[in-house]
Every structure is written in structure tokens, then in C-alpha cells.
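Working notes, beginning with the structure itself.
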């Protein structure tokens, strides 16, 4: 997966300050044609109204959206169900969108003026969330290209695994206790019959006890290409996981399905499964989802988090990025992590957070949250990209430390790895970080970036500190020949620890005080200060210390950070001095780094037994989710879910 990266630590160096005028920055729209045609879609918006996490309002929008392939969309034949209204209302509007060659992009929000829905499209499926919005609401947006011919009663048959999350009590005190998720099987026979449906899941107020539900005589019809499934019954505070009518929409090949209630605020996702062996869970996936953290439910408090991102499944490892929004955090967070997935005998997979079910040989997937969390995620495999000439893979710009997927934002001073073809005619490196190396330049918003190494398929370069724009347009110039341009968002920080892969673990590139490497045979000890090497800590002051504050956690326990910064005037490599706290477990634990807009949980750290370390409880590291603070959610000011027919949302990026 990754060549040994310790050699990159020599980026803690010198001199050369790349400078130059910045070109006008724009988002790559060469992928607008990836969103073209008529789609069915469903967006659900959840607005938290108090410090307990109760919803003050919820909105579901469902129907059809048409993309013209040139950056404009039209919504018509659509309904909106507002929790403050008694019935769904007709709705239509127009808007704009911008999609890069990778399928990563955004569209103007259909429900909230001046906001955007960010996400990714692949194989006719768009998954997204409005993580950067003016109010702090959570949402999940899913769309799929209308199949041709449209599915009918007779074509809806086979085995489908479904997962759903429901928020049935907006406006209720202690409504967080009503939240629930579920998984169930649908076996339509092509004649309108599904028969008995057995669902299992969790209702927040029921604690750790699973809820089971059997529904007999389930039937379905089709209307305008959508399935209408009638489960009957109703929901209560402590019983039933699914009830009433659900509208289900299908991907072009019928292998992915999504939908929900026409009068509720749930989201359902599903995949058509096969008995033909374990599907392959490999490669890059685009994803979006929503989860409720119920770890503080004993105090009747829950934290809803929604977002989008990508996941790279490589041999024995998942590298994941989520752009997460919680109403209790001041800002959205780039959350990145690594985990070892477990393959189950029934063809499903598990990591620390999710239970994954794949369909269509691994081309689509869904996930159900585990532990104290309730939630779902939709996944679609990314396409394969090829190009001619000097070519950057549209998904091939990665943090050189973490190697997490490309949707993770970049930050000033970050060392990035650029992957593609014909990027250079030779292989070379230069620790002085020149602005051009063997005739190769990397341009970031028109500025020449400091370059550490070049090769035909990979370049390591630094995002210039002067990159203060909202997005970075990155281009390689190989001896005068320019590549395509790849864009990504710029944030304050994007921490990625350099890694040393040993015996199946990604160990942090860290040193003891005597500068010997921290390894399983030379583990860290409680009370000592470790020198951790990483990138992506953002701007630094005149002394070399970072202007952003960072927190470290070792084995989920807060660790003192005594220094964060770099000796390089150009960035690239950074150092974090971390004191190993007492109370941690011996063996392999996680070293997590938290910044103002980022959280990385990827690197393992070996801890010696004794001296304040507890006995080993598991052989694998334990993961930590970003915690929220106690800030009150923002008010409804600026939230505009009542935009009427004929209104437009046309603000450009």
C-alpha cells in the first residue's frame, strides 16, 4: 500500500520559499456530465433544538430531480413533509451544481438558501450531506438515476438486505429516546408479495436490548417507477422498528435501493444480495450517512452526526474519511481513521464502527452503526480512472502521512502525495524542497509548491502556506507539459501521522527522547515524552510553533501536547511532542490527533506493560470517535425550508 515513509522526515528542513501570484481559484466542473438525466432523490433534514439533542424540526423531501449535465438542476414532481405541517406539500425549485472529474462536488441546497449539499456520484448514484450549512442542521441526501425501463412489480424480486434509521418524534421532549435503526430482509416475488418481514434493531430508549419485529402479509405496488411497500402498523416510543408506507427508489441496475416514509423523517438504504459467495470488499468507495451517538443517553442526551466522504478498502485494512457535522461542535470535522475489517461467514464485514453488507459483487454497499450508535451509511464503489499524457488520478491526491482517501481536505504546509501517470520522466528527490525538480513543478492555485520527490507515478509536494483560498486547484507541469487540474477543499488542519508498517499494524513514526524508534520491541512507556512525526498541522508562527491548537489521545485518554510545530519554513514535516498518560492499556493502542477542524485515528502505538499501564484487554487498538462539547445548537435563523414553487438557488461557488 505505502512505501516506508520515514525518509520523508527530512522535510524538517530549510530554505527555499516558493512564491508567485495566485491564479483565480475555481472548482473543477469537468465532471458535471456525471450528473445528467432524471434522478429520483430523497433528502431528510434533522434540526436539533436543545442541548439534549432533541429535534425541533425535521423535513423530508422526495421526488424527481433533473440534471442537465452543464451545472443546472430542476426539481419538480416533488413533495416536502415538514414536521410543523400536517401533510406533504408540493414543491419545485431550480439550482446549480459543480462536480469534479472524480465525481466529488456540490449542489445548491434545495431546502436552505445559500447552503450546499456536498457529496459524490458514481455509477448513477449520488450520496451527499450539507456539512457546511448556515444553521447547523444535519441531513442525508441520496439520488439515483431513473432506470430505463422503469422497474415494475414483476422486476422487483430477489433478496434485498435493508437498513434504516428513523427519527419519529421531532418537537418532543426526550425525543432522542424514540430514535431507532433497523436491518431487515425483503424478498419480493415479482407479484406484489413480500410476505413476512423480520426486522431487528435498536430503539434508543430501550438501551442495549435489541428490538425484534415480525410483520406478516407485506405487499407492494409500483407507482411512477417507485415501489410502495406497506408494512402497516405504527411506531411507539419503545416498540416497532418500521411501520406504515415506504417509498423505495432504485439504481439503474436495481442493485441499490433507498427511500422512506412519505409522511416521516426516516431514511432506508438497501442492496440486492446474492448467494454466490462472499462479495469483494476492495477499492475506493464513496459514502454518506447519519449516526446518533448515544454514549451519553443515560443523561438523556444524544449527538446526531451526518456527513459524507470516502473509504478505501485495501488488503486487511480500511482507510476512511468522513466530513462530519454535529450540532454540538463549533465546526464540521474531517474525521479520518484506519481499521482492520473482519470478514464474516455470511459474506458481511465488520469494523469497529459499522456492519457492512455489500451487493452486486461489491459495487454497492450499506452499513449499520454498531455499539452505542444508531445509524446507516450508503456506499458506492468509485469508477476506475485512466488518462493520457501528464495525468493526475482525480482521486489520487492524498495526505502523505495518513494516506486516507482523497476527500479529506488539504491544509497549508501539508505534504501531499500526487498519483498519476507520466508525472515525471525520472525519479529524484531533494530535501531542500525546491519549487522545481528535474523539470517538474506542482502548481497550487497558480503558486509553485515546494517539491520533495518526483517519479513517473508519484510526486510528493507541499501545499504552500499562502494557500488561503477555500479550495486548492492542483496541477503538475512536466517539462512544460501541463496535467489535468484536480481540486479539493482547504481547511485549517489535516493531521496525518507518518506510519511504519510492522506485522500488520500501522505504527506511528515516533521516537523516544534518545531518538530511538518506538516499535513493538522498543515500546513507549507511561510518563515519557514521545516525538511524533506527522504532516498537516497547518500554519506556523515565527517560532515554528503551530498557530492551531492540538489535542492528543492515547488509548482514548487525553495526553499532554508539549510542542507542535516544524523547523521548516516551507512546512511538509511537523513534530508533535506527546506525554504518554497513565491509565492506558499495554500492547497496541491508538494515537489520535485532534485539531480545530480535524480528527485522525489511524496510527497504532505499542505500550510497555507496567509503570502505570494496565494489562492488555484486547490484541487490537480501541478506536475513539470525536467528542462534542456542550455548546447549544444554533437557532432556526436563516433556515428556509419553505421555499415555494418557482424559487431559485443559483449562487455560484
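Taking 0.36 nm per residue of separation and subtracting the current Cα-Cα distance, fully stretching the chain between residue 210 and residue 50 would add 54.9 nm. Using the average count of surrounding beta-carbon atoms within 10 Å as a protection proxy, the listed peptides 50-61, 257-268, 79-90 rank, highest first, as 257-268, 50-61, 79-90.
Counted by neighbouring Cβ atoms within 10 Å, the residues 591, 537, 145 run from fewest to most as 145, 591, 537. Would you please classify the overall shape of the range 484-545 from the alpha carbon gyration tensor, given that a ≥ b ≥ c denote the square roots of the eigenvalues, rounded means a/c under 1.5, and beyond that prolate means a/b larger than b/c while oblate covers the rest? Taking the square roots of the gyration eigenvalues as a ≥ b ≥ c, the range 484-545 is oblate.
Normalised Debye scattering of the range 283-331 at q = 0.17, 0.22, 0.26 Å⁻¹ gives log10 I(q)/I(0) of -0.62, -0.81, -0.92, counting only Cα atoms as equal scatterers and leaving out solvent.
With R₀ fixed at 30 Å, the C-beta to C-beta distance from residue 196 to residue 280 puts the FRET efficiency at about 0.45. For the chain, averaging the sequence separation of C-alpha pairs within contact (under 8 Å, six or more residues apart) and dividing by the residue count gives a relative contact order of 14 percent. Seen through its C-alpha gyration tensor, with square-root eigenvalues sorted a ≥ b ≥ c, the chain comes out prolate because a/c lies at 1.5 or above while a/b is bigger than b/c.
Short-range pairs are left out: with C-alpha atoms under 8 Å and at least six residues apart, the relative contact order of the range 32-145 is 25 percent.
Here, the range 176-334 has an Rg and a Dmax of 17.7, 51 Å when only alpha carbons are counted.
Legend: Rg and Dmax of the range 398-465, from Cα coordinates, 11.1, 29 Å.
For the pair the range 91-107 / the range 571-600, the C-alpha centres are spaced 37 Å from each other. Residue exposure proxy: 321, 585, ordered by other Cβ atoms within 10 angstrom of their Cβ from fewest to most, comes out as 585, 321.
The ranking of 269, 292 from fewest to most other beta carbons within 10 Å of each one's beta carbon is 292, 269.
Here the range 32-145 was treated as a single set of alpha-carbon atoms; its pair distances binned every 5 Å from 0 give 2, 12, 22, 25, 19, 11, 6, 3, 0 percent. Here the range 69-223 has an Rg and Dmax of 18.7, 50 Å, counting Cα atoms alone. When a/c reaches 1.5 or more, the comparison of a/b and b/c decides; with that in mind, is the range 126-208 rounded, prolate or oblate per its Cα gyration tensor? Taking the square roots of the gyration eigenvalues as a ≥ b ≥ c, the range 126-208 is oblate. Here is the P(r) of the range 496-607: all C-alpha pair distances, binned every 10 Å from 0, give 15, 51, 29, 5, 0 in whole percents.
Ranked by the mean number of other Cβ atoms within 10 Å of their residues, highest first, the peptides 440-447, 65-72, 416-423 fall in the order 440-447, 416-423, 65-72.
No lab work stands behind these numbers, since they all come straight from the coordinates. The structure presented is a predicted model; accordingly, all values stated were derived computationally and were not measured. A quick note on method: Cβ atoms are made from the backbone with ideal geometry, for glycine too, and the neighbour counts reach across all protein chains shown.
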